[in-house]
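K.L.:
First the structure, which I've put down as structure tokens, then a few questions once you've had a look.
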Ligand code: BTN
């Protein structure tokens, strides 16, 4: 279908803007990018610092035919698209932390916020919001260790326009496969980027300890615990190295 892209100097949240565009009747693949956000949102109700001109704040609105329920897997595909779009210098390695954090040197480089916008004539609408730290070298209040492309790979002239284009290319190229077959075709690739495979992990909600085994075909994270194999569902749980 057709893609329509909006660029704003300043907005509350690019995710919210996609929802408004749907309300106004827009169709096709919607993309909104902003130079800064006044109410940028992260996962689990956290704010997402979105200072002017520093980072990439981009949301993609996707309409997916119904028939399968693995929508959470889409955020994992988003993580793959992001990591594969970055041309990092030799020796600088990023990886994925389930479900969809991009980490570099144990610090957060990017995250994805998935929001569902309900059904329309048999299709499901999903907002995929990408926050990628590009030029940021200091931040007033971020409650977790973070980094940016400028800090981790200062030799490169990182350009937000180019990064946005590359991420979109990667994502769009994978949407068809996801729509047809769900997450299964992406499982092995995701596991290659898994930073926590083989480590002893704790699922923060519930008191599960176990060894990280990577994701299964549906995008659940697998933990080998004393009580056997446990599946962690996307959404509510994060993994911490124990
Ligand atoms: C996370 O907590 O890891 C997800 C962060 C997602 C931030 C992006 S920035 C663009 C889009 N608009 C938002 O309000 N949030 C997402």
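The values are calculated or read from the model by the stated rules, or taken from the named source; none is laboratory data. Here the structure is a predicted model, which means the values were calculated and not measured. Note that each Cβ is placed from the backbone with ideal geometry, even for glycine, and that neighbours are counted across all protein chains shown.
K.L.:
Working only within region 100-127, note down all residues that are part of a loop (DSSP other than H, G, I, E, B) and within 26 Å of residue 25 (Cβ to Cβ).
P.N.:
Listed by number, the residues that qualify are 121, 122.
One line per residue, one yes/no per condition, for (1) in contact with a strand residue (DSSP E or B) (Cβ under 9 Å, 6 or more places away or on another chain); (2) within 15 Å of the ligand (Cβ to nearest atom); (3) under 26 Å from residue 8 (Cβ atoms):
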position: 102; (1), (2), (3): yes, yes, yes
position: 111; (1), (2), (3): yes, yes, yes
position: 116; (1), (2), (3): yes, yes, yes
position: 148; (1), (2), (3): yes, yes, yes
position: 158; (1), (2), (3): no, no, yes
position: 164; (1), (2), (3): yes, yes, yes
position: 181; (1), (2), (3): no, no, no
position: 191; (1), (2), (3): yes, no, no
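K.L.:
Considering 81, 94, which residue is in the same structural domain as residue 175 (by TED's automatic domain parsing), buried (at least 19 other Cβ atoms within 10 Å of the Cβ) and touching a strand residue (DSSP E or B) at 6+ places or on another chain (Cβ under 8 Å)?
P.N.:
The unique qualifying residue is 94.
K.L.:
Would you mention how many residues in region 44-82 are assigned to a helix (DSSP H, G or I) and more than 10 Å from the chain's Cα centre (by Cα)?
P.N.:
Residues that pass the stated criteria total 5.
K.L.:
Among the residues of region 188-233 satisfying the criterion of being touching a helix residue (DSSP H, G or I) at 6+ places or on another chain (Cβ under 6 Å) and part of a strand (DSSP E or B), which is surrounded by the most Cβ atoms within 10 Å (Cβ to Cβ)?
P.N.:
That would be 215.
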